[in-house]
1. Give just the number: which of (1) under 22 Å from residue 36 (Cβ atoms); (2) open to solvent by less than 40 Å² (accessible area, probe 1.4 Å); (3) of a type outside the set (Phe, Trp, Tyr) does residue 132 not satisfy?
2. If you check 218, 206, 244, which single one turns out to be polar (S, T, N, Q) and modelled with pLDDT of 55 or more?
3. Which of the residues that make up segment 436-450 are closer than 18 Å to residue 422 by Cα and within 20 Å of the chain's Cα centre (by Cα)?
4. Out of 377, 382, 326, 335, I need the residue that is outside any helix (DSSP H, G or I) and either modelled with pLDDT of 90 or more or under 26 Å from residue 462 (Cα atoms) (or both). Which one?
5. So residue 480 clears everything in (1) surrounded by fewer than 19 Cβ atoms within 10 Å (Cβ to Cβ); (2) closer than 19 Å to residue 563 by Cα; (3) small (Gly, Ala, Ser) except one condition, right? Which one?
6. Quick check on residue 415: is it of a type in the set (A, V, I, L, M, F, W, C), open to solvent by 30 Å² or more (accessible area, probe 1.4 Å), in contact with a Ser or Thr (Cβ under 7 Å, 6 or more places away or on another chain) and closer than 27 Å to residue 535 by Cβ?
7. From the list 112, 125, which residue is open to solvent by 40 Å² or more (accessible area, probe 1.4 Å) and at positive phi?
8. Given the residues 475, 423, 407, which is the only one that is without any contact (Cβ under 8 Å) to a residue 24 or more places away in the chain, surrounded by 19 or more Cβ atoms within 10 Å (Cβ to Cβ) and not hydrophobic (A, V, I, L, M, F, W, C)?
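The values are calculated or read from the model by the stated rules, or taken from the named source; none is laboratory data. Since the model is a prediction, treat every value here as computed from it, not as a measurement. Cβ coordinates were reconstructed from backbone atoms using ideal geometry, including for glycine residues, and neighbour counts include every protein chain displayed. Protein only, heavy atoms only, side chains kept; ligands, DNA and RNA dropped before computing areas. Shrake-Rupley method; radii C 1.70, N 1.55, O 1.52, S 1.80 Å.
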Amino acid sequence: MTEQIQTPTKVFISYSWDSEDHKNKVLGLANTLRSELGINTEIDRYVRAEPPYTPAQGWDIWMSDRIEWAEFVLIIFTETYKRRFEGKEETGKGLGVSWEGTIIRNDLYNAQLRDTKFIPVVFSQSDLGYVPLVLNSRDKYILTDDKSFTELYYRLRKEPTIIKPEIKGVHLPLPSQPMLLSPQKPPVESSLEQTPESVSEKSLKSDELISETQPAFSRSLTDSRRQRLKQRQDTLQAEWQLRSNKLNKLRQDNAIEVGTAIKFQLQQQIQSEETQLSHLERDLEEIEQNLSLGAGFSTFQTSSEIEYRKKVEEYVNKLPLSEPYNEISNINKTNLAKIRQRIGIDTDKAKAIENAVLQSRCQLHEEYKQHLQQYQNILMENLEREGFFSDDILSDLKELQKNLQLSDKDAEELLLYAQLEYSLKKESWIEADEITKNLLLKVANVQQKYFSLTDFQKIPCQDIRKIDKLLTDYSKGNFGYSAQIDIWQQVKERPEVKDILYDFLVELDWGYKEDRLFVYTDQFKYNQPNPPKGHLPALVLWEGGTNETRQAYINRIQYCCKDIVR
């Protein structure tokens, strides 16, 4: 089924200018709704930020138009907003809120309060008391509370916060005919009273009344009945495998650090898939019981084996698909051994399940790698042809990412890697250094724009090595982590050196010593004909750097590149 692209919800924010801090909070809310959550949000400060800095039709018409345009109006109540909304502000103050309040109250009056457009919100629970009586009976949202904000997010996106399961079809046995004042048995026996010998060939053909997944009443099945059961089993097993793969992908996405609203949505999808899998497993077990009764053999897993397989998959799928997983860790092996003892599975059967899960994981990993490579090739082709990513290309790439089922994190990292390689090819060293910093922040999941003391440990070694290879290859060994580590070793071996870190930074030409203190330079030498060896990358330590973070940086790149440096 083709995925439909939802038109962004249109939201207008009505608020009062209580203080600069309050105005900045509202701006931050609008920016988050637009850039992070995909909601088309409008506030007055967007108009004031661009020429001509005021609406041509005047602010009164603009406010009226925005309220009419919006599907939802977020009203941020504070003591000041309530006073102006209710027309109790002193003359000449808060004209904008007073005007918007008049329009909103008029719309509520005309709709006889039967609307869902106007949503009261607050930044603090203590501000809930400022929501006026006319809106107090409505759902109110606290923007600083994760649960409350998540509920607001789903409301604005017009999406359900929980997934309502379908009613499971259940085939009930036919009731017995009533015995009104009659001592004789009813002419039609209850299905509960039937014995295996009483079931006729005709009843076995009545598939409209008897579910294919009900246990068989006869120890011998007809060929047609067996064939139908096997076909049903094959269909359910195929669906089970598809849903199992989807569930694994959802769990991997959920393991990535994302916003609260997105994580909540993923958890709801995981819960739904787990429920569906549970139903499928129950139906498959019932079919297996039918087949076993008819022929005395078993081709599907028991409930204990299914439970064990789930646990193995949970361990195996903790890592994202982009990373290989060829062997279960010793910790998880020990845990699985205890689980085997508890649920009663022999070692051979457990090993077969583990091997099957690992083989499936390896196949998914190889397919995912191919998709990553395909995506990377297209990124480089577009960069080499256009030199940049236009909005149209980025939109097409987003659709390609979905079709290839790549995670947002992997797609964003590939985009940065492609831009880095393209910049290095052009010898645009300043641009390459900026991209390197952003790439390291991305792969380490660092939210701020600089590395703290412990953040360097979060950088995966595979990314440090990959970036080092790109820098080394395109600079012919002059730039990169390998070059910096080589200089570190040279400085360390000098007998006269008393402070290795300072001398190392001077050697990279990142600054100079003055009165036994290191002074950073503000003139990097990227584009000189012969820049100092190891001079790049530099920006990764430029913002928020201390002696401790610089040493942590050296320790990390040394650890990750220890087998590729002399």
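1. Result: residue 132 fails condition (1) only.
2. Exactly one of 218, 206, 244 is polar (S, T, N, Q) and modelled with pLDDT of 55 or more, namely 244.
3. Result: 438, 439, 440.
4. It is 326.
5. So the condition that residue 480 fails would be (1).
6. Working: of a type in the set (A, V, I, L, M, F, W, C): yes; open to solvent by 30 Å² or more (accessible area, probe 1.4 Å): yes; in contact with a Ser or Thr (Cβ under 7 Å, 6 or more places away or on another chain): no; closer than 27 Å to residue 535 by Cβ: yes.
For residue 415, the condition - of a type in the set (A, V, I, L, M, F, W, C), open to solvent by 30 Å² or more (accessible area, probe 1.4 Å), in contact with a Ser or Thr (Cβ under 7 Å, 6 or more places away or on another chain) and closer than 27 Å to residue 535 by Cβ - is not met.
7. 112
8. 423
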